[in-house]
Amino acid sequence: MNATSTLVLPALAAALGLALIGCGAANETPANADPTHGGSALSGTLDGAGSSAQQAAQAAWQAHFQSAHPGVTVNYDPVGSGAGVDQFLSGGVAFAGSDKYLTADQLTASKKTCHGATAFDVPDYVSPIAIAYHLDGVDHLKLSPKTAAGIFAGTITKWNDPAIQADNPGARLPSSRITPVHRSDDSGTTNNFTDYLHQTAPSVWTDPAAETWPYKSGEAAQGTSGVVAAIKSGNGTIGYADRSQVGALSVASVKVGSRYVAPSPTGAAKALADSSTTAGRPAGDLAIQVNRTTTSPGAYPILLVSYLIACPSYPDSATGTLVKTYLGYVVSGAGQQAAAQTAGSAPLPGTLASKAASKVQSIGAGH
Amino acid sequence: MALPLSVSFGPARRARPRGDRVFSGATRAAGLVVVLGLAGVAVFLTVQGIPALSAPGSALGGHASFAAYVWPLVFGTVLASVLALGMATPLALGTALVISHYAPRRVAAMLGYVVDLLAAIPSVVYGLWGIGFLSGRLVPAYAWLSTHVGWLPFFAGPVSATGRTILTAAIVLSLMVLPIITAISREVFAQAPRLHQEAALALGATRWEAIRMAVLPYARSGVVSAVMLGLGRALGETMAVAMVLSASGVVTFDLVGTTNPSTIAANIALNFPEATGLGVNALVASGLVLFVLTFVVNLAARAIVARSMRKEQG
């Protein structure tokens, strides 16, 4: 009896220990390609991780890129922007996708990953965010920023509120209650939407942009699909989601300048063309300050800009070449068109696209 | 008479056969693995959770302290579980009695099979069903409750337009715990001594009286265990709740409104993907609270069962 227990215990401890070691090691997949395939021949494996908003677009890019370069395998893990940037900074992946550009702290931290140089951001995925609603008998809805902020902050509670009526003269609005729907999980979509509300209607929407919904009012739903399902299943519901995901739901036009604009990739591209890059960033970095208060005709300012994050040079020439070629394809006209077709995103506007392309072309390999 | 007994229980245990030793070693190992696993989870939760106790408000969703952060979650978890068990227990006991005592054998076998099948449905499917089918169809019922018994704080409203309330989540949960409680209760009821029941019937008792006198008292501790297992599932259920519930982190007894308390497990699932640094510690610490909560509830239930059994015997 004693003999068995003395045998069993160490065996168990060893088994548990092995299991733990296994878990630790499995998380650290090396990013660099097989060094034996170096030089100009394009082959190997490229690993990226990050934003789940880019997932559909990345899948399209992967497929197109891999059919053009059969020797290459591109992996993109849509773990979320925060986790993706963490993996990039710890050297786990060669590039990251993120709905937010790197913070000053993250830029400093990137010097370790990028061997002395700072990492950079280039926009690669621009998507309009629609305000979708479900209200029987009302197919067209126009909203000024103040009204939209009032609805989502919970201060406008009825559909026939004078503020909504003023935006929609002549429309027959019911007296039913409004149920605003927001994301229950933290997300870049919420961050961009609250940024729009705060910048265009600061007197109503007093909280700054945040990934977490700041108020306790309204209905919460998980993920883009959860928000869309919640809007569909109720009557008098209104929420925000990626335009390509809202399906057959009615979509509100928002007031830009003196006109009302419906969400579209072209509108998002126009708003982006009217935006500037953030000041005080490293040379060539394209962190964009989206101009939410733009008045340029046809611009639609509720949009999400997602970035590619990479190092200016890679000591391993195979990895460097892969990153340069893949990212170059992503920001190219062909890549942007592929994403627009698959994921309904807005292709990068001309000047921004050429700036992004020249930044990516400057990626160094093997030095 | 005493001859065959002394072989297995007498002092002569030197010559224990090899198979016996292997078997006892294997069972010991199995028991030990369970305890070690549980201890491992507890150690992980404690070590990773402790930093959250002194975390600043920014890591705790704006709450002043960890207690303020976790209290609405504990409230929501307990409320949803209690509601779910309140609905599932009577239904499960009724179903179990039908299967064990009322239905003809072939119908009973079919019914038992169907109920067991409920346990095989993944929780994400329950979630899809709850969000896509059930919640929308409950809105008229909730509106009716709110207009007619709205003076009760539970149905005060204003009623959710989508029906994704904590009551809907509890209904989905009750369906998920139903097969667990039914399956165990049915076995316990079936094992109640036939002789007692036949004696009761012979003395002129009705079917219901016989069950009340000869089956239910016998089955009580087994039924409590079944309910406790169901409670464990309800407390820890994550996916279905995260999908169905419109969680806002408030503390309210209103069961049909738009803003609802969240549950610990659903909150972890929703916020883990984008959490960093101390935010992760806070989520792990809330997991520790759930772990302790489940433990305490189970201990309390065992104590109740033990006391009622002592009372019966003494």
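The values are calculated or read from the model by the stated rules, or taken from the named source; none is laboratory data. The shown structure was predicted, so the numbers you read here are calculated from the model rather than taken from an experiment. Don't worry about glycine lacking a Cβ; one is built from the backbone with ideal geometry, like all the others, and counts go over all protein chains shown.
Out of curiosity, is A:T189 under 30 Å from B:G127 (Cα atoms), more than 9 Å from every other protein chain (Cβ to nearest Cβ) and outside any loop (DSSP other than H, G, I, E, B)? Don't jump to the end; show me each part of the working.
On the way: under 30 Å from B:G127 (Cα atoms): yes; more than 9 Å from every other protein chain (Cβ to nearest Cβ): yes; outside any loop (DSSP other than H, G, I, E, B): yes.
Spelling it out, A:T189 is indeed under 30 Å from B:G127 (Cα atoms), more than 9 Å from every other protein chain (Cβ to nearest Cβ) and outside any loop (DSSP other than H, G, I, E, B).
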Check: Considering only region B:61-80, how many residues are within 12 Å of chain A (Cβ to nearest Cβ) and assigned to a helix (DSSP H, G or I)?
Finding: 1
Notebook entry, point to check: Within region B:50-60, is there a residue that is among the β-branched types (V, I, T), more than 12 Å from chain A (Cβ to nearest Cβ) and either touching a Cys at 6+ places or on another chain (Cβ under 8 Å) or under 22 Å from B:R233 (Cβ atoms) (or both)?
Noted result: no
Notebook entry, point to check: From the set of residues in region A:90-106 that are over 21 Å from B:N271 (Cβ atoms) and under 19 Å from the mean Cα position of the chain (by Cα), which is nearest to the other protein chains (Cβ to nearest Cβ)?
Noted result: A:L102
Next item on the list: Quick one: which helices (runs of 4 or more DSSP H) lie wholly within region B:110-194 and hold at least 2 residues that are away from chain A (no Cβ under 14 Å) and surrounded by fewer than 18 Cβ atoms within 10 Å (Cβ to Cβ)?
Entry: B:135-148, B:166-190
Next item on the list: Could you tell me whether any residue of region B:274-290 is buried (at least 16 other Cβ atoms within 10 Å of the Cβ), under 17 Å from the mean Cα position of the chain (by Cα), within 14 Å of another protein chain (Cβ to nearest Cβ) and of a type in the set (A, V, I, L, M)?
Entry: no
Item checked: Looking only at region B:241-266, and only at residues there that are modelled with pLDDT of 90 or more and more than 11 Å from every other protein chain (Cβ to nearest Cβ), the one that is surrounded by the most Cβ atoms within 10 Å (Cβ to Cβ) -> B:T263
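If a residue must be among the hydroxyl-bearing types (S, T, Y), crowded, with 19+ Cβ neighbours inside 10 Å and not in a loop (DSSP other than H, G, I, E, B), how many such residues does region A:74-112 contain?
4
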Next item on the list: Scan region A:254-264 for residues that are out of contact with any helix residue (DSSP H, G or I) (no Cβ under 6 Å at 6 or more places or on another chain) and surrounded by 20 or more Cβ atoms within 10 Å (Cβ to Cβ) and report the count.
Entry: 2
Margin query: Looking at A:A339, A:A357, A:A299 in this structure, which one is more than 21 Å from A:Q54 (Cα to Cα), at pLDDT 90 or above and not in a strand (DSSP E or B)?
Written below: A:A299
Check: A:S176 is checked against (1) more than 25 Å from B:A269 (Cα to Cα); (2) touching a residue at least 60 places away in the same chain (Cβ under 8 Å); (3) surrounded by 24 or more Cβ atoms within 10 Å (Cβ to Cβ) and fails just one. What number does that condition carry?
Finding: (3)
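Looking only at region A:235-246, count every residue that is on the phi < 0 side of the Ramachandran plot and facing chain B (nearest Cβ under 8 Å) and tell me the total. Explain how you work it out, then say what you get.
Our first condition is that a residue be on the phi < 0 side of the Ramachandran plot; within region A:235-246, this holds for A:235, A:237-246.
Filter once more, so that each one left must be facing chain B (nearest Cβ under 8 Å): A:235, A:237.
Within region A:235-246, residues that are on the phi < 0 side of the Ramachandran plot and facing chain B (nearest Cβ under 8 Å) number 2.
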Next item on the list: Go through region A:197-234 residue by residue and tally those that are among the aliphatic types (A, V, I, L, M), over 20 Å from B:H63 (Cβ atoms) and more than 9 Å from every other protein chain (Cβ to nearest Cβ).
Entry: 6
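In region B:224-233, is there at least one residue being away from chain A (no Cβ under 14 Å), under 30 Å from A:S81 (Cα atoms) and at pLDDT below 90?
Of region B:224-233, the ones away from chain A (no Cβ under 14 Å) are B:224-233.
Of the ones still in play, those that are also under 30 Å from A:S81 (Cα atoms) are none.
No, every residue in region B:224-233 fails to be away from chain A (no Cβ under 14 Å), under 30 Å from A:S81 (Cα atoms) and at pLDDT below 90.
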